[in-house]
Each structure stands twice: as structure tokens, then as C-alpha cells.
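Asks: The structure that follows is given in the form of C-alpha cells.
The values are calculated or read from the model by the stated rules, or taken from the named source; none is laboratory data. Everything numeric here is computed off the predicted structure, so don't read it as measured data. Every residue, glycine as well, gets a Cβ built from its backbone with ideal geometry; the counts of neighbours run over all protein chains shown.
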Amino acid sequence: MILLLTVSSLFSQNFKPDSYSASDVSNMSTWELLKYDGLHMFNGAAYAYSRPFHWGKTDFYRAGATTLLVGGIYTFDEDSSDFFRDQKEDVPKLLRDFGWYFGSPQNNYGVTAGIYTYGLLAKSPEWRRTGVLMISSASAGGLLQQVLKAVTGRARPETGLGKHEFRPFSGESGYRSFPSGHTVLSFTTAYALAKHFDNPYVKAGIYTVGLISPVSRLWSGAHFLTDIVLSLAITIATVEAVDRYLDTRNGYGDKRYGKGRTGRDPQKMVFSFTATSNAIGVTLNF
């Protein structure tokens, strides 16, 4: 992981503008587009890993605020886990099953690959961007969460060992609570897909679907609430980083950061989390 971060840092220092114009990309064959997109899937992930080396004051404020939020939630992690687990039998099995399957890698990558394939065959810059954003972000977040699971070795609520139990590098499935892989994959897909649409109500609907997997993991006792919240923070940071990278490439339609070809500033949507011992809330401002 240290080697990866070092390579990512060196990559970002040698960051070069896109050598292709929008016109060049629009005239590429399907095979050429696949190579172009494959390169930027990899580079997008590397760019995301390099971002902490280039954080500014605002970024550190956000990290600090996230730390304070998680610290507050940690104080009642066991109470909130008991609450969610008590709701399990009252939740329709169909909803619980959807949460499990949508966050599973084989199913999630099937969705993202399908979206990218459509964009590739249709030669749609916007849908290709969405597919590249999904795959690059999911790959970056997926690798990071696997490393963090092994390093932290946090016990799952279902083990009954409590929120303070950590066994790094144990290799046992019961000690892989942080972060939540289902949360990372499902909300990466939702958050990236929502960027494709301008309608705030469509975005909110997509976010809601993306949150089913995280909540289903709370119902099943697979994760504590702090695991889920931190996983969501990792997901949002990763998708935003990759999206900013794609904005520097010329083959993905309008710019999203700063004024694009429309001459308009992009809409900004802001998440805020609230949590108590028996409830969790997500507020979306737009």
C-alpha cells in the first residue's frame, strides 16, 4: 500500500494534459476508445490515491469534521448496532436480499460493466464517462477497503466481542468489519451514476437505492455504524477524485468542475449526516 501511494504521488507530480482533443476522441474506433478509457480507468484510480498528498486547508477541515462525527457515533456503536439488528425481521426479505446482492462484487461489476459497454458501443462520451468513473472508483475503493480490512481487523458486531475488539491481520472473516465492502461498491455505483443526471430528485432516488446495501449490512450485524459512515466518506472522496481527473481529459463531454461548454456552473449537492443511538439520517441539500 505504501508503494502504491508513493507511485501515485509520483504519477500526480508528472501529470500531463490529455494529448487527444475532443474531436480526436470522437473519431476513434471502438477498440481505440476501449484503450483510451482503460488507460484513464487506471490513471483515475492512481489519481485518487495521490490526492491526500495534495490536500489543502479545506480538505483537512473536512477530514477533521469526519473524524469528529465518527468519534461521536463510536460512543454508541453497540447501541446503534443492537437497534438495527432488532429491525431485521421487520424488514422485507426482498429488500435485505437486494442490499446483499447489489453490494456483492460480481453483481456490482456486472452493472458497471453493462453501463460502460453501452456507452462504448453507443460512442456516448457522457455514458462512457459514467462507466469509467464507476469502474475506476470501484477498483480504487475496492482495493483500499481490502487493505484496511486486513490492517484494522475490527470484529464484526455479530461476533459479540464489542466495538473495541481489533485483531489486525487475523485473516478471519469475523474480523473484517471496517470498512464495509458492500457499502463501498454499492454507493460508489450510485454516487457515480447520479452524476450523470441533472434532476436533483432523480439523484436523490439513486442515492436512496445506493444506501440500501449499507443499511442491510447494519441489519445483519455485519458492520457497526461507524464502519458504514467511514465507508461512505471513503466512497464519496474516491468518486470525487476520479471525477475531477476525468474532467481534465477531453474525451468525456462537458466539464463538471468550473464552467463547461454550456457556460454554466455545475449544480452542487451537499450531504450531511446526523445520528443518534436509535436513528441515522442523511440530509441532501441542493
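Asks: Applying the selection to segment 195-227, what residues are basic (Lys, Arg) and under 19 Å from SER173 (Cβ atoms)? It would help to see each step written out before you state the result.
Replies: Let us first name the residues in segment 195-227 that are basic (Lys, Arg), namely 195, 203, 217.
ARG217, the sole residue that qualifies.
Asks: Of (1) at pLDDT below 95; (2) out of contact with any Pro (no Cβ under 8 Å at 6 or more places or on another chain); (3) among the hydroxyl-bearing types (Ser, Thr, Tyr), SER29 satisfies all except one. Which?
Replies: Answer for SER29: the failing condition is (1).
Yes/no matrix, rows are residues, columns are (1) farther than 30 Å from PHE224 by Cβ; (2) of a type in the set (Phe, Trp, Tyr); (3) part of a helix (DSSP H, G or I):
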site: MET28; (1), (2), (3): yes, no, no
site: LEU34; (1), (2), (3): yes, no, yes
site: GLY38; (1), (2), (3): yes, no, yes
site: TYR49; (1), (2), (3): no, yes, yes
site: PHE60; (1), (2), (3): no, yes, yes
site: SER80; (1), (2), (3): no, no, yes
site: PHE84; (1), (2), (3): no, yes, yes
site: GLU89; (1), (2), (3): no, no, yes
site: ARG96; (1), (2), (3): no, no, yes
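Asks: Separate question: Looking at segment 157-207, which of the residues that are among the charged types (D, E, K, R) and farther than 20 Å from PHE102 by Cβ is surrounded by the fewest Cβ atoms within 10 Å (Cβ to Cβ)?
Replies: ASP198
Asks: Taking the options GLY114, GLY142, name whichever one is over 18 Å from TYR36 (Cβ atoms), in a helix (DSSP H, G or I) and without any contact (Cβ under 8 Å) to a residue 12 or more places away in the chain.
Replies: Every option except GLY114 fails the conditions.
Asks: Please enumerate the residues belonging to segment 172-193 that are part of a helix (DSSP H, G or I), touching a helix residue (DSSP H, G or I) at 6+ places or on another chain (Cβ under 7 Å), without any contact (Cβ under 8 Å) to a residue 60 or more places away in the chain and over 17 Å from SER104 (Cβ atoms).
Replies: Listed by number, the residues that qualify are GLY174, TYR191.
Asks: What is the one condition in (1) in contact with a His (Cβ under 7 Å, 6 or more places away or on another chain); (2) modelled with pLDDT under 95 that ALA279 does not satisfy?
Replies: All conditions are met except number (1).
Asks: Now a separate question. Are any of the residues in segment 32-48 among the hydroxyl-bearing types (Ser, Thr, Tyr) and over 30 Å from GLU165 (Cβ atoms)? Write out each step before concluding.
Replies: Here is the first cut: in segment 32-48, the ones among the hydroxyl-bearing types (Ser, Thr, Tyr) are 36, 47.
Right, trim to over 30 Å from GLU165 (Cβ atoms) and you get 36, 47.
Within segment 32-48 (the criterion being among the hydroxyl-bearing types (Ser, Thr, Tyr) and over 30 Å from GLU165 (Cβ atoms)), the answer is yes, since at least one residue qualifies.
Asks: For segment 194-216, which positions are in contact (Cβ under 8 Å) with a residue 12 or more places away in the chain, assigned to a loop (DSSP other than H, G, I, E, B) and among the hydrophobic types (A, V, I, L, M, F, W, C)?
Replies: Matches in segment 194-216: LEU211 only.
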